[in-house]
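S.K.: Encoded as structure tokens, here's the structure I'll be asking about.
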Amino acid sequence: MFIGNGDDLAKMLLSQQANCIKCGQPIVFERGCNLAKECGIEENVVMCGQCYSVFTVHLVPGRMTLQRDVTGTYKDLTAKKTEEELEVRKQKEDRLDQARKATAAKRAAAADKELAEKLERFRKEEEAERAAKAKKWKEIGACGHCGGRIGGLFTKKCKSCGKPQ
Ligand SMILES: [Zn+2]
Ligand SMILES: [Zn+2]
């Protein structure tokens, strides 16, 4: 039993839904009716927004039932609409795809930059460490390259690495 005023009843009827017999997507009565109407179908049928099948419908408060697949009957009327809807959907998916690709590219670029910065920091740290070591070795009269002992009569050379000093 349904208690309420006419507006409530209409709203309730319009928002009722049933799953498409063909693809299983829910068809809301109002949208299904509008889709059919946009195709120029005047009869009391609904159209699935996912697969564009057309069904006769039985509607009582609280329950919507799809009865018969009548897509074939309205093939000429639905063809153009179906094409339009598919095109709109394709464009939407293309836009989404582009946005996804742009985001992925941005993320990859950011990761590359971060890695390059990390390597640069690491290189600078190593460089500074090496310079500090060389300075210390030279202060104690050792080889500036490896810290080895220096020898040689005429030209001073490292006994460990052989490099001239
Ligand atoms: Zn469907
Ligand atoms: Zn050396």
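S.K.: Report the residue count in the range 48-68 for those that are in a strand (DSSP E or B) and surrounded by 15 or more Cβ atoms within 10 Å (Cβ to Cβ).
M.R.: Narrowing the range 48-68 to residues in a strand (DSSP E or B): 54-60, 63-68.
Filter once more, so that each one left must be surrounded by 15 or more Cβ atoms within 10 Å (Cβ to Cβ): 54-57, 59, 64, 66.
Number satisfying all stated conditions: 7.
S.K.: Across the range 153-164, what is the total count of residues that are within 12 Å of ligand 2 (Cβ to nearest atom) and in a loop (DSSP other than H, G, I, E, B)?
M.R.: Filtering the range 153-164 for residues within 12 Å of ligand 2 (Cβ to nearest atom) gives 156-164.
Those left that are additionally in a loop (DSSP other than H, G, I, E, B): 156, 159-163.
Within the range 153-164, residues that are within 12 Å of ligand 2 (Cβ to nearest atom) and in a loop (DSSP other than H, G, I, E, B) number 6.
S.K.: Can you confirm whether Cys146 is touching a Ser or Thr at 6+ places or on another chain (Cβ under 6 Å), assigned to a loop (DSSP other than H, G, I, E, B) and either within 16 Å of ligand 2 (Cβ to nearest atom) or at pLDDT 95 or above (or both)? Walk me through how you get there before you give the answer.
M.R.: Working: touching a Ser or Thr at 6+ places or on another chain (Cβ under 6 Å): yes; assigned to a loop (DSSP other than H, G, I, E, B): yes; either within 16 Å of ligand 2 (Cβ to nearest atom) or at pLDDT 95 or above (or both): yes.
So Cys146 fits the description; yes.
S.K.: Just one of the numbered conditions (1) at pLDDT 95 or above; (2) within 16 Å of ligand 2 (Cβ to nearest atom) is not true of Lys101; which one?
M.R.: Of the numbered conditions (1) at pLDDT 95 or above; (2) within 16 Å of ligand 2 (Cβ to nearest atom), the odd one out for Lys101 is (2).
S.K.: Only one residue in Lys37, Lys22 is away from ligand 1 (no atom under 13 Å from the Cβ) and under 36 Å from the mean Cα position of the chain (by Cα), so which one is that? Walk me through it before giving the result.
M.R.: Numbers: Lys22 fails: away from ligand 1 (no atom under 13 Å from the Cβ).
The conditions single out Lys37.
S.K.: Scan the range 131-139 and give yes if some residue there is aliphatic (A, V, I, L, M) and touching a residue at least 12 places away in the same chain (Cβ under 8 Å), otherwise no. Break it down stepwise before answering.
M.R.: Kept after step one, since they are aliphatic (A, V, I, L, M), are these residues of the range 131-139: 131-132, 134.
Of the ones still in play, those that are also touching a residue at least 12 places away in the same chain (Cβ under 8 Å) are none.
Within the range 131-139, not a single residue is aliphatic (A, V, I, L, M) and touching a residue at least 12 places away in the same chain (Cβ under 8 Å).
The values are calculated or read from the model by the stated rules, or taken from the named source; none is laboratory data. On a predicted model such as this, the values are computed, not experimentally measured, just so you know. We place every Cβ from the backbone using ideal geometry, glycine too, and count neighbours over all the protein chains shown.
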